[in-house]
Amino acid sequence: SSGADLEIFRPALSCREGTATRQKWNLPENAPILLHVGRLDVEKRVDRVIQAAAQTLLTSGAHLLIVGDGCQKSNLVRLCNDLRIAERVHFIGFVSAREGLPGIYQVAHLFVTASEIETQGIVLLEAAASGLPIVAVRTTCIPEIVHDGINGYLEEPGDVHGMSNVMNLLLRNSDEAKRMGKASRAIVEK
């Protein structure tokens, strides 16, 4: 993989930074944030992220933040409406590092992706550098970055229920999530 700039992508240094980021993107002040960053195209399987998150959103106060754009956006918005979670899902489009992407990672509680086509996993490196536990699928290069049970969880491709279960686990067990976030940072520093 290419690297991630560890000076730019890092855990939050202050609560004030997080508050400003939440205000900028109209995110609720205290809600846990599930984060997905990537193209909104069929092969990225964002539909599965939404389906997995839907089960989690219905049993917690969490919100799903989707960063990125692509040809599937209108279908994904429709899916959120069909699942009755649209008010808890935020589509904010493409955001560059200069426009505040590092701060978005910093306010998230976990990173989630269902992509099965990653060849470098740049967003996974950015999430890990930001100290996030990661929920992903066991395929391509992903196990090189996400060590199952160490800095996140790997589910089988298409296992929406399994992804939802581990997202719930991480939201309920903040000590485990923090431990995994620290492990993410240590892994990416290598």
Derived scalar couplings ³J(HN,Hα) [the range 151-168; Karplus, 6.51 cos²θ - 1.76 cosθ + 1.60; whole Hz; x for Gly, Pro]
10, x, 10, 10, 10, 6, x, x, 7, 4, 5, x, 4, 4, 4, 6, 5, 4
Listed residues G61, L154, I187: farthest to the positive end of the dipole of the chain (Cβ charges)
G61
How much of the DSSP bridge set in the chain is antiparallel, in percent, rounded to the nearest 5?
5 percent
Report, to the nearest whole %, how much of the accessible area of the chain belongs to carbon and sulfur atoms, 1.4 Å probe, protein only.
51 percent
Classify the range 1-91 from the C-alpha gyration tensor, please: rounded if a/c falls under 1.5, else prolate or oblate depending on whether a/b exceeds b/c.
oblate
For the chain, just say rounded, prolate or oblate: build the C-alpha gyration tensor, square-root its eigenvalues into a ≥ b ≥ c, call rounded for a/c under 1.5, and beyond that prolate if a/b exceeds b/c, oblate if not.
rounded
Note on the range 35-148: alpha-carbon gyration tensor, axes a ≥ b ≥ c; rule is a/c under 1.5 for rounded, else prolate if a/b larger than b/c, else oblate; result rounded
Rounded to the nearest 20 Debye, what is the dipole magnitude of the range 55-190 about its Cα centre when Lys and Arg each give +1 and Asp and Glu each give -1 at the C-beta?
380 debye
What list of ³J(HN,Hα) values in whole Hz, one per residue of the range 34-48 in order, does the Karplus curve 6.51 cos²θ - 1.76 cosθ + 1.60 (θ = phi - 60°) give from phi, with Gly and Pro shown as x?
8, 10, 10, 10, x, 5, 9, 10, 3, 5, 7, 6, 5, 4, 5
Ranking Q23, S74, I117 by how far each Cα lies towards the positive end of the charge dipole of the chain (+1 on Lys and Arg Cβ, -1 on Asp and Glu Cβ), the top one is Q23
Taking a threshold of 29 Å on the Cα-Cα distance, which of the pairs K24/K73; K44/K182; K73/K190; K24/K178 fall above it?
K73/K190
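Under 13 Å from the Cβ of Q120, count the other residues' Cβ atoms, weight Lys and Arg +1, Asp and Glu -1, and hand me the total. It would help to have the intermediate numbers written out before the result.
Numbers: positive: none; negative: E118, E126, E144.
It works out to a net charge of -3.
With a cut-off of 8 Å between alpha carbons and a minimum separation of six or more residues, what is the relative contact order of the range 16-164 in percent?
25 percent
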What number, in nm² with one decimal, is the all-direction average of the projected area of the convex hull of the alpha-carbon atoms of the range 89-189?
6.3 nm²
Hey, got the dipole for the range 1-129? About the Cα centre, +1 on K and R Cβ, -1 on D and E Cβ, debye to the nearest 20?
300 debye
In Å², and per residue, what accessible area does the chain have when probed at 1.4 Å with the other protein chains present?
46 Å²
As a check on your grasp of the helix formula, calculate [θ] at 222 nm for the chain: sum -39500 (n - 2.57) over DSSP H runs of n ≥ 4, divide by the residue count, round to the nearest 500.
-12500 deg cm²/dmol
In the neighborhood of L154, defined by Cβ-to-Cβ distances under 15 Å, what is the net charge if each Lys or Arg adds +1 and each Asp or Glu adds -1?
-4
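The values are calculated or read from the model by the stated rules, or taken from the named source; none is laboratory data. Just so we're clear, the structure is a prediction, and the values are computed from it rather than from any experiment. All Cβ positions, glycine included, derive from the backbone under ideal geometry; neighbour counts span all protein chains shown. With ligands, DNA and RNA removed, areas are computed over all heavy atoms of the protein, side chains included. Shrake-Rupley method; radii C 1.70, N 1.55, O 1.52, S 1.80 Å.
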